[in-house]
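Below: the structure, in structure tokens.
Taken together, the values in this text are just the output of simple stated rules run on the coordinates, not laboratory data. Remember, predicted model here, so these are calculated numbers, not experimental data. Please note: Cβ atoms are built from the backbone with ideal geometry, for glycine as well, and neighbour counts cover all protein chains shown.
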Amino acid sequence: MSTQTRIVFIVSDGTGITAENFSQSILAQFEATFKHIRVPFVDSPEKAHDAVSSINQAASKYGVQPIVFTTLVNPELNKIVSKANGLILDMFQTFVAPLEQALGVKSTHAMNRLHHNADTEAYKNRIEAINYSLAHDDGQSNRNLAEADVILVGISRVGKTPTSLYLAMQYGMKAANYPLIPEDFERGQLPKDLAPYRNKIFGLMIDAERLSEIRNERRPGSNYAKLENCRYEINEATAMMKKNLFLGWQQPVNRLKRLQLLYCNPLNRIKQY
């Protein structure tokens, strides 16, 4: 296993987010430490030369070639970046050239082609789902809950908001979320506004140690962040949810570290993660 952190550049004529995700999937196969540097919107020779300069500086500073993933459609810009002092991995040419031969047609070589998807019904549904999830974050609205695909519940800082937005952004699912508070534990019941939608409710859980770490970042040294209090809230929430709703456990969900999902519907779509 290499102990040196390797610098990884993602050079793209768009946001570079998709390329970064792809590069992380590839590099995850190696027992090494990587530092990612995304260089987005490289759409001119000047920006391409700036990217080369950054790559060369990193090579000089760390004494080893950076790994460079590129998604540059423009051949001129691609040629400029390919001269950098790095291991250049051209993600477009790796796939585009063989596909041109297999399909018998030339690619458009147009930058930001993915943005044309903004006119598709799926894209519009995804944007609508994101807006819905933001409007129904942390129980701030109980309107139109019948439209929700899922309703997430959990104690404070368990990951309700990022999970809701992930479902909206990746799957176009309308995800509302509600916090569980001490008053709910005393009643032994979920918030009354959620009662008609039991078949849509999913509970999120997390390790007590991890929850304490997260809460300490927000309120250091507080009772709210104490490990004992975190264990208490987790135990109370788990008992309440098992009693009222849930049939079993779904173990760690996708990239949400040490997150557990209590579920009430064995055929739930979240299993598609």
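What the table shows:
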| quantity | calculated |
| --- | --- |
| Gyration tensor over alpha-carbon atoms, segment 1-160, equivalent ellipsoid semi-axes in Å | 36, 24, 15 |
| Likely footprinting exposure, Leu87, Leu180, fewest C-beta neighbours within 10 Å first | Leu87, Leu180 |
| Highest to lowest packing among 89-96, 50-57, scored as the average C-beta count within 10 Å | 50-57, 89-96 |
| Those GluC sites (Glu not before Pro) in segment 1-84 that DSSP places in a loop and that have at most 14 other beta carbons within 10 Å | Glu31 |
| Separation of alpha-carbon centers, segment 54-84 and segment 165-180, rounded to whole Å | 37 Å |
